[in-house]
Amino acid sequence: MAHPLEPGDRARHARRSPGRLFRSFRREDEALGIVGVGLGLDGGTNSQLQAPTIGKAWWTVAGLTVLMWGFQLFGFVDQYPIISLAVVVLVFWGLATIVAVWQPYRVSAPLTKGLVATTLCLTVGAFVLWSYLQVIAAPAYGTDEIAFDQFAAQLLQHGVNPYTHSMAHAFALFHVSPNGYTFLLNGHPVTRLSYPALSFLFYEPFLLLGWSTQLAVAVNVFAWAAGIVLMFVLLPRQMRPLAIVVGSFAVYISYAVGGVTDALFVPLLIGAVLGWDRFVTERGPRAWRGPVLLGLAMAVKQTPWLVFPFIAGGIAVEAYRLGGRRAAWRTSGRYIGIALAAFLVPNLPFVVWAPRPWLTGVLTPIASHTVPAGQGLIGLSLFLGIGGGSLFAYSLALVVVSVALLAVYLATYPALKPWAVFCPSLILFFSARSFGSYLVTLLPAAIVATATVRAAGASSTHAISARPWRHWRWVLGGAVASLGVALVIIFIASAPLQIRITSVRTTGQLATVVELGVEVTNTSGSPQRPSFTVENGGDISAFWLVQGGPPTLAAGAHAHYTLLAPNFFSQPPITGGFQVVAFGSTPATVSRSASYLPTSKHLSLDPDAVNTIIPVGKTIVLRAELLDKLDRPVRLADQAVYLGQVIYNEQGLLFGEAIINNSQVGETPVVAYTNAAGVATFRIRGTEATADPVSFEANLVDSKQSYPYGYSQIVPIRFGSAG
């Protein structure tokens, strides 16, 4: 069967240069009605400029975004006064953009292009500058993945295969916090390189040039900046401000500078999905752009792997509707072959070098028993205790959703064509590891894909049928039923352990929890070997040390465990809630305690500042008021309130020598009781002049477990000689 393009059509397509190809996208978009309105900053008639348009609205938001970048940088002007210049420029340009968008006069095309380009450059420049300041403030690498990738590149420089070498040294080398590790269900951190080869080969040219300091963060930042620029250039006119706005979202810039390496594949994926459906009607090297870039994106990280079947499947359906079954097999096979070849190019040396370690490494995120976490469906088990008795059920649901969504996508094609790139985010929502980066990183590429693919029923040469498969309702029904069964399996498998927090030990004024006592009951019918950790703020800490309690808890058995925080980073603050989580690895399960709220009330001192020198012997009154979590007064009488005094000296802590409520000189803490209004009163008298102020702080003490909590603000008082 001949290719769907006639020979004359094929020749015309072959003569197009890449620049002409991008311009052809624009002409076709305009013909299809994709580019329907002009921007407020586009030359045109006065009536067009006065009409409210989508373009004007988006450019207004873009101006606000530039303005917000100025506000973000303002926090650094004291440390780096030169930053104030950037702040002034960004704030002015943001305001000026909004004014320019809505002014009623015609703007020339060259001036418009210059203003638009300047806005883009200022946004990217602000992001890079902000990232630099973030690194200066906290130079430690935020995740194990970014540390592993740079360490792997450095190992390769010394002729060592990173897939056969432990990555454990990277933790100390790049100062990764234990809370940045990826843990297995048994509590051990992952120390194997877990990504395809391009994830670290990106760094090799820079290492060869002698750049290693903060290299991985810098590459991440510049990759995200490149993604913003590409998104801007490739989107239709009225959608271009979307690149500025979306690219500046806090979630993206935080991931880029914080060590999430997804930014590396974003520019590749944006280029790969640009007009991806045109592969059916293209020939020659120009047609290779999409599959080659997609293959390279898959060679960076596993997330683009899930995009692959949707793009390849969409191409197969389009080719089938243009030229029949044979064309579908030939066209989709060609796309798949080119993409896989591009994927293998950076990976093949390591496949040949050590095939099994390479395969084990790249499949680690999929096949290993890593702890569940994230903002997806797994949150119901981690935080509400719904399900959790089978983490395998989440893996099963992930497979079911993948197959079902792909089947619905193909059966209803092209109804879900705009979803092609974003579908994996919907799939990953059901994963046991559904981090925010998995759910949002595909969005920039999805926007470009949606804006540049042909509308249903349109083609440059032939009309592609917009009607779905006649049996699509059966496919949709089967997909919904399969998903329902998978969800039932997840939620009916109850957690095997009941956990109750029985005791808490804190660090006092440091206000963190350092030790926990828990009662654990095995309600399942099989022995459980729990490994314990703590969740706070949605994050799972390093696994806690266990004293007492059996390593294996028999079915129906009950035991008490004492849990010790392994490091400072794993200690939850007593100012918020936390919960104890127990993981089992055979079978894979998760159990949780109820949320523990150590602080229900707190104190506030009045006055909250003493801005004069108090003569020795003069009495000053501090009132400690009892407040709830919304700072509302708690009218509770006879509540014990403790006021302590200390001198924070350059050489360490010194005892204060003030008298509190007629106590002994220097006594600390001193207790007073609240009156009917919930206020405890302390009368303080200095006994000697000191070079450093005496700091006073009030707290409460839990009546049952005797740990301090509810600390007030610190009020320093400087005592001086009378007269």
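The values are calculated or read from the model by the stated rules, or taken from the named source; none is laboratory data. Here the structure is a predicted model, which is why all the values come from computation and not from measurement. Because the Cβ atoms are built from the backbone with ideal geometry, glycine has one as well, and the counts that use them run over all protein chains shown. With ligands, DNA and RNA removed, areas are computed over all heavy atoms of the protein, side chains included. Shrake-Rupley method; radii C 1.70, N 1.55, O 1.52, S 1.80 Å.
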task: Among the residues of segment 309-341, write down those that are within 31 Å of the chain's Cα centre (by Cα) and crowded, with 23+ Cβ neighbours inside 10 Å.
output: F310, I311, G314, A339
message: Among (1) under 21 Å from V61 (Cα atoms); (2) exposed (fewer than 14 other Cβ atoms within 10 Å of the Cβ); (3) not basic (K, R), there is one condition F127 misses while meeting the rest; what is its number?
response: (2)
- line: Residue count, segment 184-213, condition farther than 30 Å from T589 by Cβ, touching a residue at least 60 places away in the same chain (Cβ under 8 Å) and either of a type in the set (D, E, K, R) or surrounded by fewer than 19 Cβ atoms within 10 Å (Cβ to Cβ) (or both), comes to 1
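This table checks each residue for (1) free of Cβ contacts under 8 Å to residues at least 40 places away in the same chain; (2) farther than 30 Å from L85 by Cα.
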{"residue": "K113", "(1), (2)": "yes, no"}
{"residue": "T119", "(1), (2)": "no, no"}
{"residue": "A137", "(1), (2)": "yes, no"}
{"residue": "A140", "(1), (2)": "yes, no"}
{"residue": "Q154", "(1), (2)": "no, yes"}
{"residue": "G159", "(1), (2)": "yes, yes"}
{"residue": "A172", "(1), (2)": "yes, yes"}
{"residue": "V176", "(1), (2)": "yes, yes"}
{"residue": "T182", "(1), (2)": "no, yes"}
query: With respect to the numbered conditions (1) over 12 Å from S248 (Cβ atoms); (2) of a type outside the set (K, R); (3) out of contact with any Asp or Glu (no Cβ under 9 Å at 6 or more places or on another chain); (4) in a helix (DSSP H, G or I), which one is the sole condition not fulfilled by P81?
result: (4)
- prompt: Is one or more of the residues making up segment 253-263 touching a Lys or Arg at 6+ places or on another chain (Cβ under 8 Å), polar (S, T, N, Q) and within 29 Å of I336 (Cβ to Cβ)?
  reply: yes
field: Residues of segment 481-509 satisfying the condition of being in contact (Cβ under 8 Å) with a residue 12 or more places away in the chain, outside any strand (DSSP E or B) and farther than 11 Å from A393 by Cβ
entry: S482, L483, A495, P496, T507, G508, Q509
message: Looking at A432, A415, A456, A420, can you tell me which residue is more than 22 Å from E318 (Cβ to Cβ) and modelled with pLDDT under 95?
response: A432
statement: The residue that is surrounded by the most Cβ atoms within 10 Å (Cβ to Cβ), considering only those in segment 135-149 that are assigned to a loop (DSSP other than H, G, I, E, B) and not β-branched (V, I, T), is Y141
task: Taking only segment 617-653 into account, find how many residues are among the polar types (S, T, N, Q) and in contact with a strand residue (DSSP E or B) (Cβ under 9 Å, 6 or more places away or on another chain).
output: 3
task: With the checklist (1) surrounded by fewer than 18 Cβ atoms within 10 Å (Cβ to Cβ); (2) farther than 28 Å from V485 by Cβ in hand, flag the one item G361 doesn't pass.
output: (1)
message: Anything in segment 387-434 that is charged (D, E, K, R) and more than 20 Å from the chain's Cα centre (by Cα)? List them, or say none.
response: K417
- request: Might you let me know whether segment 276-287 holds any residue that is open to solvent by less than 10 Å² (accessible area, probe 1.4 Å), aliphatic (A, V, I, L, M) and closer than 30 Å to N161 by Cβ?
  value: no
message: Here is a check on your reading of the model: is R623 in a strand (DSSP E or B) and open to solvent by 60 Å² or more (accessible area, probe 1.4 Å)?
response: yes
- prompt: How about segment 214-227: which of its residues are open to solvent by 20 Å² or more (accessible area, probe 1.4 Å) and farther than 15 Å from E145 by Cα?
  reply: F222, A226
field: Selection within segment 347-402 - among the aliphatic types (A, V, I, L, M), assigned to a helix (DSSP H, G or I) and free of Cβ contacts under 8 Å to residues at least 60 places away in the same chain
entry: L348, V351, V352, L359, A367, L398, V399
query: Can you tell me how many residues in segment 150-183 are open to solvent by less than 60 Å² (accessible area, probe 1.4 Å) and not in a loop (DSSP other than H, G, I, E, B)?
result: 14
message: Suppose we keep only residues that are open to solvent by less than 70 Å² (accessible area, probe 1.4 Å) and farther than 15 Å from V694 by Cα within segment 643-669. Which one would you say is modelled with the highest pLDDT?
response: N661
field: Out of V266, V246, sole residue that is surrounded by fewer than 21 Cβ atoms within 10 Å (Cβ to Cβ), in contact (Cβ under 8 Å) with a residue 40 or more places away in the chain and not basic (K, R)
entry: V246
